[in-house]
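For reference, the structure is listed below as structure tokens.
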Amino acid sequence: MGIQVSAAESEELEHNGVAPRNSGFKCTDKEGKVVVEYHVDCCKELQERCDTETRFGSYLIVHLGNDQPLLSFGHDEAVSKQYTLTKSAWVAPDGTKVLLPKDEGQGWMISAFQSREFRFGMPITEEDLIDSE
């Protein structure tokens, strides 16, 4: 997620030490004006400004000669196996114990995509967080 500022404002932000020097991407907006686009993680002031000035956050708009913005998505998955944590067992006083499976058992995979612009795609409420504990 990014935020665009004018070239003059960019110079002022970098001169005052608010934004790191040369951390922005110089490009032109839809009206043809030169702007500098910063990633919101570049400094706290731009994070707060992006939250208040944009409705859904803004896209990090890097135009590659057309009107399509370049968006970054992340993907991750987690696999949980049925017998992963059953490598130890109680031993009876006579030395016997239950048979342990040789494999990890049936697995379940959870996969998800997310981005800064669209977030995870599912709202997570406080009740959801409490229920998960």
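The values are calculated or read from the model by the stated rules, or taken from the named source; none is laboratory data. The model shown is predicted, which means the values in this text are computed figures rather than measured ones. Cβ atoms come from the backbone with ideal geometry, glycine included; neighbour counts cover every protein chain shown. The area values use the complete protein model at the heavy-atom level, side chains included, leaving out ligands, DNA and RNA. Shrake-Rupley method; radii C 1.70, N 1.55, O 1.52, S 1.80 Å.
Checking every one of the GluC sites (Glu not before Pro) in the stretch 8-38 against DSSP loop status and a limit of 16 other Cβ atoms within 10 Å picks out Glu31. Computed from the Kirkwood radius of its Cα pairs, the Stokes-Einstein diffusion coefficient for the stretch 1-53 at 25 °C and 0.890 mPa s stands at 223 µm²/s.
For the stretch 72-126, the fraction of 1.4 Å probe accessible surface lying on carbon and sulfur atoms is 60 percent.
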